[in-house]
Structure formats: structure tokens, C-alpha cells
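The structure appears right after this line, and notes come after that.
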Amino acid sequence: MKKTIIITALLIFMSIELDAKPDFGISFSFFYSSLRPYGEWIQLDNDLVVWHPNGIHNRWRPYSNGRWSWTSDGWYWDSYEPFGWATYHYGRWYNDDYYGWIWIPDYDWAPAWVEWRYDDDYIGWAPLPPYASFEINFGIHFSIGWHSHYSYWNFVTYNRFCDHRVNNYFLDDRRVSRIYDNTRYRNNYYSNRDRIVNGGIDKSFIERKAGYRIAEREITSIDNFRDYDRVRSERSNKVYSYRPSDREVNNGRTAEKYDIKRGDNRSTLEREKVRMPMSREWNRDQNITSDRNSEKGRDVITERNAARNNDGRVRNEVNRNNEREQMRNNSERERSNIPRFNRDTKREKEPVYERPSRSEQPVQERKVEPRREQNNNRQSPRVESKGRSEERSPSRERSSERKK
């Protein structure tokens, strides 16, 4: 009984630790300043802010330019793109009918946020949608019934799965559409202490299908972007993961005003089902920034007013309020002296048409035509008609003559 209580308490503590968001940690402001050079931020439906990468072609898909590595945290996506440290380890991707691929930021870090499909010959992956959230006791939970379209998936043979340029071996859409329905679905996410693990497809199963052994690579976390940018292009047995420190995140809160584009069309994303809270907190961060700026402005104004008051060149605040009150009273008096337009007087001056009564209307004399008398003495023409007995057809007369 005691063991059960202790295990339950540990699970609750771990869930609180994962779900609780630190005061600093990663923030929307830091994502904004870091990803601004590589794309544009778009505001959808008033309270949802997403990011769209620039310079991508029509057939581009997330999790395509990079490689897979097996680590202590499961399958890690090592991206070659400059924005990959954020968009493939935080948040979710969604393929909108109008905007294309858009990224929704989030707090939780993972080796990769993907879903898997496989059969005896091929293995494939696709980005998890923003409807998918991680729960410590459940794993991946979807807020809607979700089925990714086959065009979202990258499929390769097992022997090319861990290749450095895996995108060179992707199957074309025609072949993917044929094998998609015959593959099995899997997502295998779980927590290991304070880390989220992407188990995915079992490593030993991939090794049997690929015909070679997959070495485990060590994850080296770097909290300075300059060091990360310098070493990420080096080839080694290590995987370099950039996870900014609290100092970098705090220094990244320098945007006085966000340059966010207002969406010019309605998105197909069901925002009420989205489980990404950070995308809705951009407005709060902006208000915090504006409050800080206003406080700085107030301090500067106070210092200037104090200096001017000491020199005797500016009136105090009480005199200003009195002047404003006097100006307000004067304006009210001027308004009261302005002659108002009386609509009733105008109506009296206008001629009013009154319809005369029936007694006052002129009586029109009706002309009475003389009545025509009927002439009963006139005889009506009568038509004499022969009876049927007297009428005989010529055919009957001929037949009678023949008989005689």
C-alpha cells in the first residue's frame, strides 16, 4: 500500500514538473527574435500566431533536410537548416490549405515531434500536428480524430534511414500513395525522469531490416548559440543540441514591437482544438514589454519635470488641472450660447396640404343617356329546317334506284 502511494506521489510530482512552465526558460519573444531572419510571423484568427519559413519550394516538407540518430532520448532529428534547433524540437507543424506549412511554437523540448509508419520494406515519418499534446501518463494525445495525408510523409527503405542525406532517397508521391494504406501506424513517446523520449520504431527491428548495426550517438547540449552555430557543421559521433540558457532567453526579450503580419485569409486550422499555449501568449509578452517602456518613459518625464520645476519654468500639476477644468467649462458655455435649430418652427412655416372633406369637394354632374326602347313588333328571322325524314342522302337514292 505504501509503495503504491509513493509511486503515485512520484508520478504526480513528475507531471507537475513537466507541465509547469518556468519563469524564464524558452519564450515566445526569444523564438520571435531568433526565427525572424528566416521567415515571417503571421497572426491567425486574432489570438493565434504562427511562423512560416521563407525560401522553400512547393514540395518542401518538415523533417526532410537532416538525418536521424539514435540517442539516449530515442530518435533525434539532426537538422541542417538554421531554424531547425527550434522548429523540430519545440512546437508542431501544420499544412494549411492557404498558407502552406506553418509552425506553432510551444514550451516542451523533445528529440523530434513526429509520428511513424512502417511495413516490411519501408519506414516513414510525418510531423505531429498542433492537435497532439504530450501527457506524462499517456504519451501523445490528440484533441481530434487525426489522420495525416499521405503527402505529409517521408518514406525511405530501411538501409537508407540513417543516411546523412536521407532526403535523396525519399519515395515519390505516387509510390507513397500506394504503400501508405498498407503500413502500420505508431507513435512511442514517454518520459524518462525529466526528459521526453521519442521511442518511435524499435531500433533492433530497424537494424534487422537494414542489415547493419546502428551506433548510439551522445547528445551534447549547448546553451550558447554562437558555439552551437560553430560546431553543428562538424562531423563527429556527438549530436549537438541547442537549448538556450535563461540568460540568453532573458537577453532575447529586446523586441519593443513585434512585426507580425495579419493573416489575409481564414486558416483551416481548428484553433479551439490547438493545445499550444505559447502561440496565444505573444500579446501578454508584448504588453509586458510596452509596460516596461512606459515605466522608463515615466521616469524620464519625472526627472525632466523635477528639473524644470526647480528652475521655475513649468507650472505644477495642480495648476495644469485647474487650467484644464477652466477650459472645459469655457467650452461648455460656448456650446450653450450656440443657437440651436428648431425643427418645429420650420414645420410651421412650410405649407401644409389638407385634404378637403367630401362636403367641400365639387359635385360632378353625370350625363344620363336616353334609354333605348326595345322593338317587340320586329319579327326575328326564322330558319326553316327540314326534318330528318325529308332529308335523304344521295347514296340512299342510288341504292333505291338499283333495287327497282
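The label point for Ala215 and the one for Tyr80, both projected 7 Å from the Cα toward the Cβ, are 2.0 nm apart. Efficiency by 1/(1 + (r/R0)^6): what FRET value for Asp264 and Ile56, r their Cβ-Cβ distance, R0 = 30 Å, to the nearest 0.05? Efficiency computed from Cβ-Cβ geometry: 0.95. If R0 equals 22 Å, the separation of the Cβ atoms of Asn159 and Ser236 corresponds to a calculated FRET efficiency of about 0.45.
For region 129-203, with all protein chains in place and a probe radius of 1.4 Å, 40% of the accessible heavy-atom surface sits on carbon or sulfur.
You can think of it this way: the chain between Trp146 and Ser33 has 37.5 nm of extra reach, that is 0.36 nm per residue less the Cα-Cα gap. For region 179-231, the calculated P(r), taken from all Cα-Cα distances in 5 Å bins from zero up to the bin holding the longest distance, is 4, 12, 13, 18, 18, 15, 11, 6, 2, 0 percent. Taken over the alpha carbons of region 133-229 as equal point scatterers, the Debye sum produces base-10 log I(q)/I(0) values at 0.10, 0.13 Å⁻¹ of -0.41, -0.71.
The values are calculated or read from the model by the stated rules, or taken from the named source; none is laboratory data. All figures in this text were calculated on a predicted structure; none of them were measured in a lab. Note that we place each Cβ from the backbone using ideal geometry, even for glycine, and neighbour counts take in every protein chain shown. Protein only, heavy atoms only, side chains kept; ligands, DNA and RNA dropped before computing areas. Shrake-Rupley method; radii C 1.70, N 1.55, O 1.52, S 1.80 Å.
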